[in-house]
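The numbers here are math on the coordinates, done by the rules we state, and not lab data. Since we're looking at a predicted model, the values are computed, not measured. For neighbour counting, all protein chains shown are included, and Cβ atoms are generated from backbone atoms with ideal geometry for every residue, glycine included.
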Amino acid sequence: MNNCSIEWAVFDYGGVLAEEGFMAGLNAMADKSGLDRDFVFQAAREVILSTEYLTGRGSEEVFWDRFREVTGIHGGPQELRQEILSRFVLRPWMLQLLEKLKAMGVRRAILSDQVNWLDELEARDNFFRFFDKVFNSYHVGKSKNDPTIFDDLLVWTGAAAGRTVFVDDHQPHVDRAVSRGINGICYTGGEDFLRRFSIICPGIQED
């Protein structure tokens, strides 16, 4: 019997459903170039926002051109993007959790600040089939930096805020969801996440 207190479970992709490939890839680029990791990450973050690539209004080509200009990192777009995409690895136990939620009648969605790479990762790994809805900043034209995306999320799903849980590994995103009345969990590790999720959805850890 479904004794979950939620109707919708909404997950971030990188850092929750999969290993965080964006930061790991940037760290690898920084290490190869002898640069400070924080500098490279902050540069990439600023460029992806300023070029509007994150929300689908800018191109990947412009993003990489500007990124290389700011950081001095060398390499073609295909080489650099592969440093990132190869490090997004799905967590098998998360997929098992999604299947349990489906069996319990809980609907599942992705809400991700990703670019067109999420579509390529889907083509590689075929994971959209585990979800009822997929919302990607590149396609919806808004990122999780904007609190109103969580208002939009409730409209898109038709869900009540109190019957929705949002899971992200970035605390400010979780805080924005909570400000809209949505239940929030900041992912810091599998064991802690399952403990906190099982409070909202008892029995999820049972075989």
message: Quick check on the range 105-118. Is at least one of its residues surrounded by fewer than 18 Cβ atoms within 10 Å (Cβ to Cβ), assigned to a helix (DSSP H, G or I) and either touching a residue at least 24 places away in the same chain (Cβ under 8 Å) or in contact with a Ser or Thr (Cβ under 8 Å, 6 or more places away or on another chain) (or both)?
response: no
message: Looking at the range 42-59, I want the residues that are without any contact (Cβ under 8 Å) to a residue 40 or more places away in the chain and more than 15 Å from residue 112 (Cα to Cα) and have a partner that is among the hydroxyl-bearing types (Ser, Thr, Tyr) and part of a loop (DSSP other than H, G, I, E, B) with Cβ atoms under 6 Å, at least 6 apart or on another chain. Which pairs are those?
response: 58/51
query: Which one is surrounded by the fewest Cβ atoms within 10 Å (Cβ to Cβ), of the residues in the range 21-35 that are under 19 Å from residue 113 (Cα atoms) and of a type in the set (Gly, Ala, Ser)?
result: 24
field: Failed item in (1) within 21 Å of residue 146 (Cβ to Cβ); (2) outside any loop (DSSP other than H, G, I, E, B); (3) small (Gly, Ala, Ser), with residue 43 passing the rest
entry: (1)
- request: Would you check which residues across the range 64-99 are surrounded by fewer than 18 Cβ atoms within 10 Å (Cβ to Cβ), over 17 Å from the mean Cα position of the chain (by Cα) and not in a helix (DSSP H, G or I) and list them?
  value: 72, 74, 75, 76
field: Matching option when the condition is of a type in the set (D, E, K, R) and within 22 Å of residue 18 (Cα to Cα), among 69, 61, 83, 52
entry: 83
field: So residue 55, is it over 25 Å from residue 127 (Cα atoms), crowded, with 19+ Cβ neighbours inside 10 Å and of a type in the set (Ser, Thr, Tyr)
entry: no
task: Being closer than 24 Å to residue 99 by Cα and among the hydrophobic types (A, V, I, L, M, F, W, C) is the filter here, so list the residues in the range 118-152 that pass it.
output: 118, 121, 123, 127, 128, 130, 131, 134, 135
message: Between 32, 102, which is part of a helix (DSSP H, G or I) and under 30 Å from residue 3 (Cβ atoms)?
response: 102
- request: Filter the range 147-194 down to residues that are acidic (Asp, Glu) and assigned to a helix (DSSP H, G or I) and give me whichever is surrounded by the fewest Cβ atoms within 10 Å (Cβ to Cβ).
  value: 191
- prompt: Quick one: is residue 6 surrounded by 15 or more Cβ atoms within 10 Å (Cβ to Cβ) and either assigned to a helix (DSSP H, G or I) or free of Cβ contacts under 8 Å to residues at least 60 places away in the same chain (or both)?
  reply: no
query: Does residue 93 satisfy the criteria of being under 26 Å from residue 190 (Cα atoms) and aromatic (Phe, Trp, Tyr)?
result: yes
